[in-house]
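Here the structure is laid out as structure tokens; the discussion comes afterwards.
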Amino acid sequence: ATQTVTLPVAGTITSTNQLLVDGAIIGMKTGWIPEAGGVFVLAGTQTDQEHTHEIITVVMGAPGGASNVAQEAAYALYQLAKANFAYRQIITQGQSLGKYHPAWEEHPTSLVAAQGVGMFVWANTSPEVHLSAATGTPGSEGVVGAVHSSFGTWSTSVPLVLEQSISQPSAWWRVVQRGW
């Protein structure tokens with residue numbers, strides 16, 4: 001994203017790339033190879049509130065090397081990607097994602113996400129979300145599993161915790177259950 005640089009002997013050099021006027025462009029690389037022809041790689045950022053991610057576009061086979069045509073095509077792809085990505089809060093901290101209901105309890109206790117999970121997703125597609133939890137036993141408390149979220153190659157896991165600990169069954173409940 002550097003528009004000018006001062007080099008020993010050469011002095012100050014100004015970039016001629018017009019795409020740098022967009023402050024969200026953080027880098028680019030031009031090139032040419034026989035297999036791909038003219039190549040232009042563009043890197044930029046997208047910000048949604050306090051969340052930022054990088055978008056990288058690549059144009060290959062451009063006539064005349066990394067020409068203005070290739071640069072314009074890469075920038076158009078970047079703008080299209082920005083228009084189709086959106087940050088979504090997938091899971092909120094404290095969100096109830098399941099319940100444990102011991103037979104001796106009148107009310108179940110909730111499994112809640114210990115942290116929130118948010119991510120950039122493409123054009124209203126949904127990430128995959130899977131829960132894994134251990135069997136609740138009397139005295140269980142704290143972390144009892146995880147919620148796994150993924151979208152493409154990106155994935156993360158956050159702990160699942162019990163909203164309250166699972167109590168021990170009463171002596172009377174144990175006697176009745178054993179048929180004594």
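The values are calculated or read from the model by the stated rules, or taken from the named source; none is laboratory data. Source: prediction; values computed, not measured. Cβ: placed from backbone, ideal geometry, glycine included. Neighbour counts: every protein chain shown. Quick note on the areas: whole protein, heavy atoms, side chains included, nothing else; ligands and nucleic acids left out. Shrake-Rupley method; radii C 1.70, N 1.55, O 1.52, S 1.80 Å.
Count, please, the residues in segment 95-122 that happen to be of a type in the set (V, I, T) and closer than 28 Å to N84 by Cα.
So the count comes out to 2.
Six or more apart or on different chains, Cβ under 6 Å: which pairs go from a residue in segment 25-44 that's free of Cβ contacts under 8 Å to residues at least 24 places away in the same chain to one that's of a type outside the set (A, V, I, L, M, F, W, C) and open to solvent by less than 50 Å² (accessible area, probe 1.4 Å)? Could you list them?
Qualifying pairs under 6 Å: A43/G27.
Filter segment 124-142 down to residues that are under 14 Å from the mean Cα position of the chain (by Cα) and open to solvent by less than 90 Å² (accessible area, probe 1.4 Å) and give me whichever is nearest to S165 (Cα to Cα).
Within segment 124-142, the match that is nearest to S165 (Cα to Cα) is V129.
Return yes or no: is G145 over 25 Å from N84 (Cβ atoms) and open to solvent by less than 50 Å² (accessible area, probe 1.4 Å)?
When the stated conditions are applied, G145 passes them.
How many residues are among the hydrophobic types (A, V, I, L, M, F, W, C), surrounded by 15 or more Cβ atoms within 10 Å (Cβ to Cβ) and in a helix (DSSP H, G or I) if we restrict to segment 70-113?
5
Considering only segment 114-150, how many residues are outside any loop (DSSP other than H, G, I, E, B), hydrophobic (A, V, I, L, M, F, W, C) and more than 29 Å from D48 (Cβ to Cβ)?
Of the residues in segment 114-150, 3 are outside any loop (DSSP other than H, G, I, E, B), hydrophobic (A, V, I, L, M, F, W, C) and more than 29 Å from D48 (Cβ to Cβ).
Could you check, for segment 150-158, whether at least one of its residues is more than 30 Å from L80 (Cα to Cα), in contact (Cβ under 8 Å) with a residue 60 or more places away in the chain and either of a type outside the set (G, A, S) or open to solvent by 20 Å² or more (accessible area, probe 1.4 Å) (or both)?
yes
I'd like to verify a number: residues in segment 123-140 that are at pLDDT below 85 and more than 30 Å from N84 (Cβ to Cβ), how many?
Adding up the residues that qualify gives 8.
Could you check segment 131-180 and list, in sequence order, the residues that are over 30 Å from F120 (Cβ atoms) and β-branched (V, I, T)?
Those that are over 30 Å from F120 (Cβ atoms) and β-branched (V, I, T): T135, T137, I166, V175, V176.
Counting just the residues of segment 28-69 that are in contact with a Ser or Thr (Cβ under 6 Å, 6 or more places away or on another chain), within 20 Å of Q3 (Cβ to Cβ) and not hydrophobic (A, V, I, L, M, F, W, C), which one comes out surrounded by the fewest Cβ atoms within 10 Å (Cβ to Cβ)?
Only one residue fits best here, namely E54.
From the list Q164, Q168, which residue is surrounded by fewer than 14 Cβ atoms within 10 Å (Cβ to Cβ), farther than 30 Å from D48 by Cβ and in contact (Cβ under 8 Å) with a residue 40 or more places away in the chain?
Q164
If I filter segment 43-95 down to residues being on the phi > 0 side of the Ramachandran plot and not polar (S, T, N, Q), which single residue comes out as modelled with the highest pLDDT?
G94
If I filter segment 1-8 for residues that are modelled with pLDDT of 90 or more, touching a Leu at 6+ places or on another chain (Cβ under 8 Å) and surrounded by 10 or more Cβ atoms within 10 Å (Cβ to Cβ), do I get at least one hit?
No, there is no match, as no residue in segment 1-8 is modelled with pLDDT of 90 or more, touching a Leu at 6+ places or on another chain (Cβ under 8 Å) and surrounded by 10 or more Cβ atoms within 10 Å (Cβ to Cβ).
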